[in-house]
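The values are calculated or read from the model by the stated rules, or taken from the named source; none is laboratory data. Keep in mind that this is a model prediction, so the values were computed, not measured. Here Cβ is always computed from backbone atoms with ideal geometry, including for glycine, and neighbour counts include all displayed protein chains.
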Amino acid sequence: MKSMPLRNSGAQTQPARVGWATWLALLVAALLVGVLATEQPLLAGALAALMVLLAGLVRVWDRLSQFALGFIGVSLIGYAFLGKGYSYIGVPPLFVGEMALAVGLLALWRVGMVGIRHYRGLLALLGVFMFIGLINTVPYIGLYKIDALRDSVVWLYAAFALIVAGLLLRLGWLERVLTQYARIIPWFLFFAPLSFVIFKLFEKVIPAWPGSDTPLLYPKGGDIGVHLAGVVAFLLLGLHHRFTPPERRRSWHEWLWWGLILLGILATSESRAATLAIVASGAFIVLLRPRSGWGRPVYLVAVLLTLLIATNFKVNLGGQRDISAESLLLNVQSIAGDSGSDVREGTRTWRLDWWKEIVDYTVYGPYFWTGKGYGINLADSDGFQVYQDHSLRNPHNGHMTFLARSGVPGFLAWVALQLAFGFSLLRAYALARAARNTLWASLNLWLFAYWLAFLVNASFDVYLEGPQGGIWFWCLFGFGLAAMETQRRQFALTESPTAPSALPVPTALKES
């Protein structure tokens, strides 16, 4: 696919000039950092980081939308490659995720609109979901202070959906984002299993971020499994052919990629969530993809898994679970019933007991309307804490987190929003199929499969509550909104060529 320029027919804004007041504020902040450096070093560090960020914004003010999307994109890559370790870049309480959110909101404010015309119902549901989260957070800020704000990010990160959708529609960067994603795939497939093994073997010697005990590299099997599921869907749908330049395509590359995917699946085989996320995403694509030809990679994976089982391939990196094909089968078996593994059955029983407790005190108990709110440590309050440092705060299920903290109304708002989003993607897929536009159909299926993998992993882990899962999920949600909006506008132009287009349509997506 030859890269072609994008036509931007949207309204242009006049470059804004930065006045002397901004430079004066930065000077005052610099003096304040110097005063605080000896007495309050952490506060001084946070203020210095904020000052550097503001100085950077001053330099790129005329291109703030591009800078914000670029900043978010780099952060997504960091979260995917380094896991939880990337989230600790910065100085408490100003970390890289909060910086990206602040810059994104500022850029969206400067644009002045999200630009969604056809999916305002989804925006309304998103607003209701965030409002319920807000009213269950504010009353607890005085009691729990920073803990209330920390727990509230599980709904606050939804702002990334608005940011990504608004800025993508404004800039017309759908094609660019997909091209960059295709370019990063081989690097991720090579690094993901390697990073997981390195972390398991050398966790105690990996250096930590300054002011934190979190290693620079902190991958989790479930997190890697979600992105592997996205890559599997992307490859099964053939989207890598559409968004990879012809000069970089090699027939043997794809076979190498599938081999690396298998290594990634084996590396994360100790994670039940990773296994189910990949299986669910891949099975969905195999059943609904608009074209045939998926048999070869599935055949390759099946043959290799059979060989690994026959040779009893097994690697233990120091944990209670081995990395092996047998672990994959036990994970699948433990999801549906008794696997015969004490470790797996123990964690499964612990989760189910906790979830039952949450249902009892919300659906059938005194916390029906409001939940327990944001700020309280649910593991301590519910009696399911497993760490001596009390670091576990939420149940290993993001859906149950919303039920426990926002009550039944918050849980229903979350479920309604996700069902509406999934239905919208499937409807967009059906419209694309009816129009015989296989590219848009494939994009909708890929987004649905990737979104499904996030929800599956969130059902088994504390995932959406952290930036490496929450920011990624809501950015994908926003990308989906922008993609569906762009598709509807393109189809509207096809039906009525004289209709005005307020936004650019990526060249590669103009498929007849």
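Side notes on the structure shown:
- Residue among L228, L194 that alone is assigned to a helix (DSSP H, G or I) and either on the phi > 0 side of the Ramachandran plot or free of Cβ contacts under 8 Å to residues at least 24 places away in the same chain (or both): L194
- Of the criteria (1) in contact with an Asp or Glu (Cβ under 6 Å, 6 or more places away or on another chain); (2) among the hydrophobic types (A, V, I, L, M, F, W, C); (3) over 21 Å from G238 (Cα atoms), which one V456 fails: (1)
- Verdict on L178 being more than 19 Å from the chain's Cα centre (by Cα) and either assigned to a helix (DSSP H, G or I) or among the hydroxyl-bearing types (S, T, Y) (or both): no
- Residue within the range 364-384 that is part of a loop (DSSP other than H, G, I, E, B), without any contact (Cβ under 8 Å) to a residue 40 or more places away in the chain and either of a type in the set (A, V, I, L, M, F, W, C) or within 25 Å of G221 (Cβ to Cβ) (or both) present: yes
- Residue list for the range 417-463, filter: farther than 16 Å from G480 by Cβ and in a helix (DSSP H, G or I): R433, A434, T438, V456, N457, A458
- A search for C-beta distances below 9 Å between a residue of the range 152-176 that is under 10 Å from V114 (Cα atoms) and any residue that is of a type in the set (S, T, N, Q), counting only pairs 6+ apart in sequence or on different chains, returns G166/S65; L167/S65; L167/Q66; L168/T486; L169/T486; R170/N8; R170/S65.
- Scanning the range 197-225 for residues that are among the hydrophobic types (A, V, I, L, M, F, W, C) and assigned to a loop (DSSP other than H, G, I, E, B) returns V205, I206, W209, L216, L217.
- Hits in the range 73-89 (condition: touching a Lys or Arg at 6+ places or on another chain (Cβ under 8 Å) and crowded, with 23+ Cβ neighbours inside 10 Å): G83
- Failed item in (1) modelled with pLDDT of 75 or more; (2) over 28 Å from G469 (Cβ atoms); (3) surrounded by 16 or more Cβ atoms within 10 Å (Cβ to Cβ), with H241 passing the rest: (3)
- Residues of the range 386-408 that turn out to be more than 21 Å from G222 (Cα to Cα) and surrounded by fewer than 18 Cβ atoms within 10 Å (Cβ to Cβ), as a count: 4
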